[in-house]
Every structure is written in structure tokens, then in C-alpha cells.
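Okay, so here's the structure we're looking at.
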Amino acid sequence: MNTKLKNRGLSSLDVTDEMRKDAVRIRFIYRRRYSGDLNKWETDFIINLYSIWKKNKTPIRLSEKQSDILKKIYNRIINPDTYSIVRYHKHRDNRVIKKGLTLEQAQAHCQREDTHGDQWFDGYRAEKSRRN
């Protein structure tokens, strides 16, 4: 049995694979906390979890709700929803003119005055996910 874990009240058998995965997610998101991927609440949530994890130096047992929130944040960062700008023409084939935009970027593009004409307009659509 790992003495560090025993001294902290957890045996190595008590640390589940899910707890290890959560610890990896916490460290990964913590390193990206100032990248603009997180809102204020999510940043505070991650900093709080990271400080608890760092203090204990072992994986921590999260509630089901905390674990779900952590997974949602992690999945959003790992596999963000991205959008393409498509130029739609009335009498020609449509074509993709930009890829890899966030929803906000795609919406801002399509609201500009120079993104539509008499026979065409720019619209956006979700790109297919790289991961399942």
C-alpha cells in the first residue's frame, strides 16, 4: 500500500480509475484557465478543485455533479464546437469560405453588411466533430 495515500486516509485500492481521470482533467483545465476557454464561474470552480487536489497530493473524490461539470468543461475544451461559413448562391453551387470558427465568430461574420447580396448570402453551419 502506498504510504502517502495511507497517511491521507485513502488506500491505493480506494483510488478509482474515475478519480484518476478527474485528476488529469483538473490539471489539464487548470493549465488552460487563462486561455479564454472558461468563464469566470468555471475558472473559480477549477481553481478550487486544483487547490484541493494540490493540497491532498492525491486524486480527490468528487460528487457526481462536480464530476459531470468537470467532464462537460473538459469535453468542450478538447472537442470544441466549430462552425463553417458557407456562401450560398441562388444559381451556383454553395462553397465553404471559412472553417474552424466559434459560434460567436460565425454569427458576427454573418451579421456584417458585406456578407449578402442580391443572389447570395453567407450562412454558418456546425462542422462535423473530429472525435466521437
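Where strands (runs of 3 or more DSSP E) sit wholly within segment 12-131, those with at least 1 residues that are exposed (fewer than 12 other Cβ atoms within 10 Å of the Cβ) occupy 95-101, 120-126. Among the residues of segment 59-100, those that are among the charged types (D, E, K, R) and over 22 Å from the mean Cα position of the chain (by Cα) comprise R87, K90, R92, D93, R95. Scan segment 101-113 and tell me whether some residue there is within 24 Å of K128 (Cβ to Cβ), more than 13 Å from the chain's Cα centre (by Cα) and touching a residue at least 24 places away in the same chain (Cβ under 8 Å). Looking for residues that are within 24 Å of K128 (Cβ to Cβ), more than 13 Å from the chain's Cα centre (by Cα) and touching a residue at least 24 places away in the same chain (Cβ under 8 Å), one finds at least one in segment 101-113, hence yes. If the condition is being over 27 Å from T102 (Cβ atoms) and either modelled with pLDDT of 85 or more or under 12 Å from the mean Cα position of the chain (by Cα) (or both), then segment 41-53 contributes S51, I52.
Residues checked against (1) modelled with pLDDT of 85 or more; (2) within 27 Å of A126 (Cβ to Cβ):
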{"site": "V24", "(1), (2)": "yes, no"}
{"site": "N39", "(1), (2)": "no, yes"}
{"site": "E64", "(1), (2)": "yes, no"}
{"site": "Q107", "(1), (2)": "yes, yes"}
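The values are calculated or read from the model by the stated rules, or taken from the named source; none is laboratory data. Being a predicted model, the structure only gives us computed values, none of them experimental. Quick reminder, even Gly has a Cβ in these numbers, built from the backbone with ideal geometry, and neighbours come from all protein chains shown.
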